[in-house]
Amino acid sequence: MTARIKLLKYLSAFTLPLTMAIALSLGGWWSFLPFVYVFGLIPGVELFLKPQPINLTAAEEALAKADPFFDWLLYLTIPTQLGFLAWYLISINTHAFEAFEYVGLVLSMGIMCGVFGINVGHELGHRTKNHEIKLAKIALASSLYMHFYIEHNRGHHKRVATYDDPATARLGENIFVFWIRSITFSFLSAWEIEAKRLKKKSQPWFSLHNEMLQFMFIQACILIGIAILFSIQTMAFFILAALVGILLLETVNYIEHYGLQRTLKENGRFERTNPHHSWNSNHVIGRLMLFELSRHSDHHYEASRKYQVLRHHDESPQMPTGYPGMMVMALMPPLWFYVMHRRLDAISTEVEPTAT
């Protein structure tokens, strides 16, 4: 298989907006199609597929890093997300749907906000080029979660797998409690991180230099703009879709580090973040749909690595299935605890810390 053919597999991520197009075009029970696709069909198929832990060769990795296709594919998700968001808002504003259709469309647009909004914003937010950072913020704005850019990059990556990190799920903590804790304290943490940055620069907290104030202003303008252009009701449906996207992101946060903790060393510092501090999944469909987010161990081990070259590490704890299936399992706490606590018990004596 040539390198060019190999990279075309990431186009499969665009099957999600295809299902969204069907949902918006046909309505009725078709409005649930993206939801059924992501949380029904994909988890069902991945139960029967073996994970693929194979890494790129050095030559393949060099080619993948140099190939602009991967970057342009990410860039393409931004107009795709904004286009479908506009289509969704226009549909909500101009059609009288049945109650169940509204539910289906909110869930479906929410999945778009989570995958093509926050997830892509996460990937681009780790880049250093100015235009990519701007695209990341646009993607996050489409889900009203712009503060994620600050908290994730300067908070979560520093404190991951510790009790100081709001986005790390604690052993025995159920998903619903985690949602409240992570959303609340991640937001507060972003304000604190930005205030400290401004203080170091001797700049006032209440100023145009404060990115959190910028983000809140931008998001308020988006909501007001939708209300003026469409209606208050349409604005409410946008908020609901964004909330679904936010809960998807926080569910991903929950499964990525559940029950994993870094060791506090004698000098008062935590050990370096290593591959065994993140749950990993090599199930290929979930990997492609989320631009390799499920190879999360390598992402935290070396956050600057682009999605197309993320690696499998033998020492990283492995999920029993892909991210979509694990997210469904997380919503059933008794089943989640039953499966994951046994996995934690199994790896507790097998994982040897990497040298720090």
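Scanning the stretch 90-107 for residues being farther than 14 Å from LEU26 by Cα and either in contact with a Gly (Cβ under 9 Å, 6 or more places away or on another chain) or not in a helix (DSSP H, G or I) (or both) gives a total of 0. Of everything in the stretch 189-199 that is under 22 Å from ALA161 (Cβ atoms) and either outside any helix (DSSP H, G or I) or in contact (Cβ under 8 Å) with a residue 12 or more places away in the chain (or both), the residue that is most open to solvent (accessible area, probe 1.4 Å) is ILE193. The test for being hydrophobic (A, V, I, L, M, F, W, C), within 20 Å of the chain's Cα centre (by Cα) and closer than 17 Å to HIS152 by Cβ holds for ILE246.
Among the listed residues ALA86, ALA59, which satisfies the condition of being without any contact (Cβ under 8 Å) to a residue 40 or more places away in the chain, surrounded by fewer than 21 Cβ atoms within 10 Å (Cβ to Cβ) and closer than 16 Å to ALA241 by Cα?
On the way: ALA59 fails: closer than 16 Å to ALA241 by Cα.
Within the list ALA86, ALA59, the selection yields ALA86.
Inspect all residues belonging to the stretch 67-76 and state whether any of them is under 18 Å from GLU250 (Cβ atoms), under 17 Å from the mean Cα position of the chain (by Cα), at pLDDT 95 or above and in a helix (DSSP H, G or I). No, because not a single residue in the stretch 67-76 is under 18 Å from GLU250 (Cβ atoms), under 17 Å from the mean Cα position of the chain (by Cα), at pLDDT 95 or above and in a helix (DSSP H, G or I).
Name every residue in the stretch 178-210 that is among the acidic types (Asp, Glu) and either in contact with a Leu (Cβ under 9 Å, 6 or more places away or on another chain) or over 18 Å from ASN153 (Cβ atoms) (or both), in order of residue number. Write out each step before concluding.
Of the stretch 178-210, the ones among the acidic types (Asp, Glu) are 192, 194.
Correct list: GLU194 only.
Every condition in (1) surrounded by 16 or more Cβ atoms within 10 Å (Cβ to Cβ); (2) polar (S, T, N, Q); (3) within 29 Å of HIS276 (Cβ to Cβ) is met by GLN219 except one, and the failing one is (3). Here's a check for you: in the stretch 62-81, which residue that is aliphatic (A, V, I, L, M) and surrounded by 14 or more Cβ atoms within 10 Å (Cβ to Cβ) is nearest to SER142 (Cα to Cα)? Among residues in the stretch 62-81 that are aliphatic (A, V, I, L, M) and surrounded by 14 or more Cβ atoms within 10 Å (Cβ to Cβ), the one nearest to SER142 (Cα to Cα) is ILE78. Take the conditions (1) surrounded by fewer than 14 Cβ atoms within 10 Å (Cβ to Cβ); (2) among the aliphatic types (A, V, I, L, M); (3) not in a helix (DSSP H, G or I); ALA167 misses just one of them, which is (1).
Against the list (1) buried (at least 16 other Cβ atoms within 10 Å of the Cβ); (2) assigned to a loop (DSSP other than H, G, I, E, B), the condition ARG154 fails is (2).
Does LEU144 satisfy the condition of being surrounded by 23 or more Cβ atoms within 10 Å (Cβ to Cβ) and not in a helix (DSSP H, G or I)?
On the way: surrounded by 23 or more Cβ atoms within 10 Å (Cβ to Cβ): yes; not in a helix (DSSP H, G or I): yes.
Yes; evaluated as a whole, the condition is true for this residue.
Screening the stretch 12-29 for residues that are open to solvent by less than 10 Å² (accessible area, probe 1.4 Å) and under 20 Å from the mean Cα position of the chain (by Cα) and picking the one that is farthest from THR94 (Cα to Cα) gives ALA13. Any residue that is at pLDDT 95 or above, under 12 Å from MET112 (Cα atoms) and surrounded by 15 or more Cβ atoms within 10 Å (Cβ to Cβ) - is there at least one of those in the stretch 38-49? Yes, the stretch 38-49 contains a residue that is at pLDDT 95 or above, under 12 Å from MET112 (Cα atoms) and surrounded by 15 or more Cβ atoms within 10 Å (Cβ to Cβ).
Of the residues making up the stretch 171-185, those that are open to solvent by less than 70 Å² (accessible area, probe 1.4 Å) and either in contact (Cβ under 8 Å) with a residue 60 or more places away in the chain or within 15 Å of GLY259 (Cα to Cα) (or both) are GLY172, GLU173, ASN174, ILE175, PHE178, TRP179, SER182, ILE183.
The values are calculated or read from the model by the stated rules, or taken from the named source; none is laboratory data. Keep in mind that this is a model prediction, so the values were computed, not measured. Cβ sites come from the backbone with ideal geometry, for glycine too, and all protein chains shown count toward neighbours. Only protein heavy atoms, including side chains, enter the accessible area calculation; ligands, DNA and RNA are left aside. Shrake-Rupley method; radii C 1.70, N 1.55, O 1.52, S 1.80 Å.
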